[in-house]
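What follows is a set of notes on a single structure, which appears directly below.
The values are calculated or read from the model by the stated rules, or taken from the named source; none is laboratory data. Just so you know, these numbers come straight off a predicted model, no measurement behind them. Counting neighbours? That spans all protein chains shown, and the Cβs are built from the backbone with ideal geometry, glycine included.
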Amino acid sequence: SNYHVYNSNGGESKSLEDYFSKCEVRPSAMAIKPRGLFNKNNYCYVNATFQALLACPAFFNVMKYIPLNEDPVNHPVPCIKAVHSFVNQFEKMDRSKSNAANHKDIICGQPFDPVDILQEIARLRRVSVDVVKSKQEDAHELLCQLLSELHDEICSILYRTSTNKSEESMSTSDVSTAASLQNGEEKAEDWFQVGKKHRTHVLRTNEIQKSLIADIFAGKFRSPVQSAGNQKSVIHEPFFTLSLDIKDPKITSLDEALLRFGEQSTNSEHIDSKSRQNVHTNKTMLIEQLPPILIIHLKCFLNDESDGTKKINKSINYTVNLTLPKTILTEQAKKHSFDRYKLFAVEYHQGERATDGHYITDVFHPGLQGWIRYDDDNVHVVPSSQVMNSSADKLTPYLLFYRRGE
């Protein structure tokens, strides 16, 4: 069951505040008429990322039906506006007319140039549109930046928080990468949690405010932190993507990468501000809460001091049906989270180096009951065997989009 948005007041929302506070994410399947996206320079990373996002029914519906024109308050929400206008270039497919799975072809709409999106990325990055078009960027960074910005704009409507990155609001980097312990001095609420045997844990929490984007994509990590000679503490951190290390040659599958995620602990040293002592901390990470849409980021780009960014070109096996290993879930997650997921989009990077190459995306299309490959304005049907065996096409899986299964 996919997720769509349901407006609980039955009627049409007339304001953004009403819309974003009353919509809920509900399961549903949905097919949209495929359209390719022109790439007139070097922005395949934009096209491929958006084709994957369009395949999330909840995201599509949230962004499509926003009552931007009726809104009495003129909210400055440029990112919402750009995505709303982009999504409205696509139409839902009439289920009765959708092609049967045995068709080798699918009727597509005309390809177009995602101008609104390119302009918005230029605004976010404070560069010209020409720079966005000509300079290839990392698709994962784009995805995190975009989800964070949409989330912040929704929060600015609901909670009247400012969208310019203030102390309180979470920046992209906080959401995508857990804040390191070095800045353990951050202003975060300290809660006391009494653990077993009545030892006290300080719970540092970076709570993410509720928004439809967070409802769809945000999960939560729980990190028990052990400091030498100090009390144990627990940190909660939100994430939009689950980033997995794959550089060890022993890691050849998604399952192995997930298991390794659970075994990893980071050791760090910092100077305690009060005692001026050097404190050694050991931090492990588990998943406390799983989102309806789980985006897995396989870290195939490595920053190498000597020669910039390197790419790990190796095949990683993954499957359509994914059950998350129990060892990476907290007790809470084992009780309340659905750990079964189904693959619906894969974004690949093709090429030897991180700085160039090409991005394409495969998407499962419910109308076709099969997979479609989006390679900029070239759209065609691919057999699922090809999606599962991407190394044959010299494609490196980079972002895996899973939805919560039944």
Quiz item: N42 versus (1) modelled with pLDDT under 75; (2) in contact with a Ser or Thr (Cβ under 8 Å, 6 or more places away or on another chain): which is the lone unmet condition?
Solution: (1)
Practice problem: Just name the residue that is farthest from R403 (Cα to Cα) out of those in segment 215-234 that are modelled with pLDDT under 85 and part of a strand (DSSP E or B). | Solution: S227
Quiz item: Residue check: is D71 surrounded by 14 or more Cβ atoms within 10 Å (Cβ to Cβ) and at pLDDT below 90?
Solution: yes
Quiz item: Does V73 fit the bill of being in contact (Cβ under 8 Å) with a residue 24 or more places away in the chain, more than 16 Å from the chain's Cα centre (by Cα) and assigned to a strand (DSSP E or B)?
Solution: no
Exercise. Output the number of the condition that E207 fails; it satisfies all remaining conditions of (1) in contact with a Pro (Cβ under 8 Å, 6 or more places away or on another chain); (2) surrounded by 13 or more Cβ atoms within 10 Å (Cβ to Cβ); (3) modelled with pLDDT of 70 or more; (4) part of a loop (DSSP other than H, G, I, E, B).
Key: (2)
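Being closer than 16 Å to N42 by Cα and over 21 Å from the mean Cα position of the chain (by Cα) is the filter; apply it to segment 356-367 and report the residue that is surrounded by the fewest Cβ atoms within 10 Å (Cβ to Cβ).
Result: D356.
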Quiz item: How many residues are aliphatic (A, V, I, L, M), buried (at least 19 other Cβ atoms within 10 Å of the Cβ) and under 24 Å from K326 (Cβ atoms) if we restrict to segment 210-234?
Solution: 2
Practice problem: Return the only residue of S265, S273, S243 being of a type in the set (G, A, S) and under 30 Å from L158 (Cβ atoms). | Solution: S243
Quiz item: Hey, which of the helices (runs of 4 or more DSSP H) in segment 82-191, taking only ones fully inside, have at least 1 residues that are modelled with pLDDT of 60 or more?
Solution: 115-125, 129-134, 139-158
Quiz item: Can you find a residue in segment 235-249 that is part of a helix (DSSP H, G or I), of a type outside the set (G, A, S), surrounded by 14 or more Cβ atoms within 10 Å (Cβ to Cβ) and modelled with pLDDT of 90 or more?
Solution: no
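Among the aromatic types (F, W, Y) and over 22 Å from the mean Cα position of the chain (by Cα) - does that describe any residue in segment 39-54? Please lay out each step first, then the result.
Filtering segment 39-54 for residues among the aromatic types (F, W, Y) gives 43, 45, 50.
Add one more test, that the residue is over 22 Å from the mean Cα position of the chain (by Cα), and what stays is none.
Within segment 39-54 (the criterion being among the aromatic types (F, W, Y) and over 22 Å from the mean Cα position of the chain (by Cα)), the answer is no, since none of the residues qualifies.
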Quiz item: Say we look at segment 323-355 and pick out the residues that are assigned to a strand (DSSP E or B) and over 17 Å from the mean Cα position of the chain (by Cα); which of these is farthest from E256 (Cα to Cα)?
Solution: Q350
Quiz item: Taking segment 105-123 as the region of interest, how many residues are farther than 26 Å from K310 by Cα, hydrophobic (A, V, I, L, M, F, W, C) and either touching a residue at least 40 places away in the same chain (Cβ under 8 Å) or in contact with a Pro (Cβ under 7 Å, 6 or more places away or on another chain) (or both)?
Solution: 6
Quiz item: Where in segment 273-317 are there strands (runs of 3 or more DSSP E), lying fully within it, with 1 or more residues that are within 29 Å of L147 (Cβ to Cβ), at pLDDT below 90 and of a type in the set (G, A, S)?
Solution: 308-311
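Which count do you get for residues in segment 379-406 that are among the polar types (S, T, N, Q) and either farther than 23 Å from I106 by Cα or surrounded by 17 or more Cβ atoms within 10 Å (Cβ to Cβ) (or both)?
Just the residues of segment 379-406 that are among the polar types (S, T, N, Q), to begin with: 384-386, 389-391, 396.
Filter again for either farther than 23 Å from I106 by Cα or surrounded by 17 or more Cβ atoms within 10 Å (Cβ to Cβ) (or both), leaving 390-391, 396.
So the count comes out to 3.
Of everything in segment 253-277 that's polar (S, T, N, Q) and surrounded by 14 or more Cβ atoms within 10 Å (Cβ to Cβ), which residue is farthest from S315 (Cα to Cα)?
S268
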Self-check item: Pairs, first within 20 Å of I117 (Cα to Cα) in segment 83-98, second of a type in the set (V, I, T) and modelled with pLDDT of 70 or more, C-beta under 8 Å, six or more apart
Solution: V83/I117; H84/I66; F86/I117; F90/I32; E91/I32
Quiz item: Does Q51 fit the bill of being modelled with pLDDT of 90 or more, surrounded by 14 or more Cβ atoms within 10 Å (Cβ to Cβ) and not hydrophobic (A, V, I, L, M, F, W, C)?
Solution: yes
Self-check item: Criterion (hydrophobic (A, V, I, L, M, F, W, C), surrounded by fewer than 19 Cβ atoms within 10 Å (Cβ to Cβ) and under 17 Å from L395 (Cα atoms)) met by exactly one of I372, I312
Solution: I312
